[in-house]
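Coordinate-derived values only; no laboratory data. If you're wondering where the values come from, they're calculated on a predicted model, not measured in any experiment. Here the Cβ is made from the backbone with ideal geometry for all residues, glycine too, and neighbour counts use every protein chain on show.
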Amino acid sequence: MKGLHVRLSRRLGKLEIDVAFSCPEGSTLALIGPSGAGKTTIIRMVAGLEQPDDGTILFHGETFFDRASGICLSTRKRRLGYVFQDYTLFPHLSLFGNAAFAAKDRREVEDLFRFFGLNPMRDRRPGQVSGGERQRCAICQAMATRPRLLLLDEPFSALDVVTRRKLRDELKKIKEERRLSVLYVTHDITEALYMADVILPVVDGKIDRDWLEEITGASGSGDPVSKAVREPKLSLAF
Amino acid sequence: MVACATYSLPFAIQPIKAAFEKLDPRLRESASVLGLSPLATFFRVVLPNSKSGIAAAAILVFLHSLGAFGVILMVGGSIPGETRVASIAIYEAVESFQYEKAWILSLAFLPVSYFFLLLVNRLTRREAS
């Protein structure tokens, strides 16, 4: 059973997360929705940083989590790449040191640094470079572990429009080169339309297809999710 | 040495604990996502990022040991060149009415203590920033 298959539920105070979705191998699934909808919690549960109350998480036939049979694979054994929302890099290491921190092959990090244009600042610490450069480095760090699944939590939210466009182009290119499965969290519909093969609107912890229809202005018959993907012109304004 | 270290240990625990607690929990999460075991995370992420707190703790223990009196006197006695530390030397100088010697020894402590306290202050501020 290739790809990511998720069915999980979790209560967080008033918010009750209850979702089920699949992300086919090599494709990008965007979880989109307003702030506080539970998107980050979902991605954290997939990574194993938080545990669902119930459900199953399977990836390429491997059980990451299954409440019924008591299986919960530790985060490090899931072999994922995770890019945190606010560039979590190790402050005591240089950018290159960060990217090579858990790299399988340092030459691969060199290639990634060339690809992302980070060589001129490779010896600088994260605190000495811009947000865009930190973000690129965080992506390099995640990619250098050769992850099977890449999880991105609003990776461009704090960047200016130009850097954001450039970075998402670079990310899309490298993702396609490596045929990576990507789970992508964003509240930006433009980004979701550009990056994703499948868009999953999450509102108040549930999948809510009507919400996407409302914000894109799409109406009429047809699945609003696939419609939004087919007709990205619906919401291409920043 | 062992008695002194044991006696001063509680003074090290608090700053080290504070340094560990101040560490951004996402760094540990990031290490875990990158495949590090908890032990490797401790040595490769937690310790290097708590250096200032650990250094501050070491200095506080050193300063506390510098002024230690009772424990050293009880366990080690006052053997010149071996277990006689500055605080015991001051005590003995006072006991034998050598007040000048006691004054000089006490005054010598003052700049040393201030220097290390300033260092602790600096390290603590760095940790906070």
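Below, the figures for the structure above:
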{"quantity": "Whichever aspartates and glutamates have a C-alpha closer than 14 Å to that of residue A:77, once near sequence neighbours (fewer than 8 apart) are set aside", "calculated": "A:62, B:29"}
{"quantity": "Debye log10 I(q)/I(0) at q = 0.15, 0.16 Å⁻¹ for region B:43-86, Cα point scatterers", "calculated": "-0.53, -0.57"}
{"quantity": "For chain A, calculated [θ]222 nm from helices alone, where every DSSP H run of n ≥ 4 adds -39500 (n - 2.57)", "calculated": "-9500 deg cm²/dmol"}
{"quantity": "Set of lysines with alpha-carbon distance to residue A:206 below 23 Å, sequence-local pairs under 8 removed", "calculated": "A:14, A:39, A:227"}
{"quantity": "log10 of Debye I(q)/I(0), alpha-carbon scatterers only, for chain B at 0.09, 0.16, 0.18, 0.21 Å⁻¹", "calculated": "-0.39, -0.86, -0.98, -1.15"}
{"quantity": "Unit charges at the beta carbon, dipole of chain A: most positive-side option, A:12, A:85, A:189", "calculated": "A:85"}
{"quantity": "Under the Karplus curve 6.51 cos²θ - 1.76 cosθ + 1.60, θ = phi - 60°, whole-Hz ³J(HN,Hα) for region B:101-110, x wherever Gly or Pro sits", "calculated": "4, 4, 4, 4, 4, 5, 5, 5, 5, 4"}
{"quantity": "Kirkwood-based shape ratio for the protein assembly as shown, expressed as Rg/Rh from alpha carbons", "calculated": "1.17"}
{"quantity": "Distant alpha-carbon pairs in region A:20-68 (separation over 11 angstrom), percent", "calculated": "73"}
{"quantity": "Residue of B:70, B:35, B:53 that the Gaussian network model of chain B assigns the largest fluctuation, springs spanning Cα pairs under 10 Å", "calculated": "B:35"}
{"quantity": "5 Å binning of all Cα-Cα separations within region A:92-171, expressed as whole percents from 0 upward", "calculated": "3, 17, 28, 25, 20, 6, 0"}
{"quantity": "Per-residue mean of C-beta atoms belonging to partner chains within 10 Å, peptide A:74-85", "calculated": "4"}
{"quantity": "Reach of residue A:166 by Cα under 20 Å, taken over lysines that are not fewer than 8 positions away in the same chain", "calculated": "A:175, A:233"}
{"quantity": "Förster radius 30 Å - calculated FRET efficiency between residue A:14 and residue B:125, Cβ distance, rounded to 0.05", "calculated": "0.15"}
{"quantity": "Amide H within-cut-off set for residue A:12, under 5 Å, with H built and near neighbours excluded", "calculated": "A:17"}
{"quantity": "Number of partner chain Cβ atoms within 10 Å, mean per residue of B:23-32", "calculated": "6"}
{"quantity": "Sum of -39500 (n - 2.57) over DSSP H runs of 4+, divided by residues of chain B (222 nm, nearest 500)", "calculated": "-24000 deg cm²/dmol"}
{"quantity": "Solvent-free Debye scattering, log10 I(q)/I(0), computed from the Cα coordinates of region A:1-152 at q = 0.09 Å⁻¹", "calculated": "-0.33"}
{"quantity": "Local electrostatic count at residue A:62 - Lys and Arg +1, Asp and Glu -1, tallied over other residues with Cβ under 12 Å", "calculated": "+4"}
{"quantity": "Nonlocal amide H pairs with residue A:203, under 5 Å, H built at 1.01 Å", "calculated": "A:208"}
{"quantity": "For B:40-50, mean number of other protein chain Cβ atoms within 10 Å", "calculated": "2"}
{"quantity": "Projected area averaged over orientations for region A:84-139, convex hull of C-alpha atoms, nm²", "calculated": "3.4"}
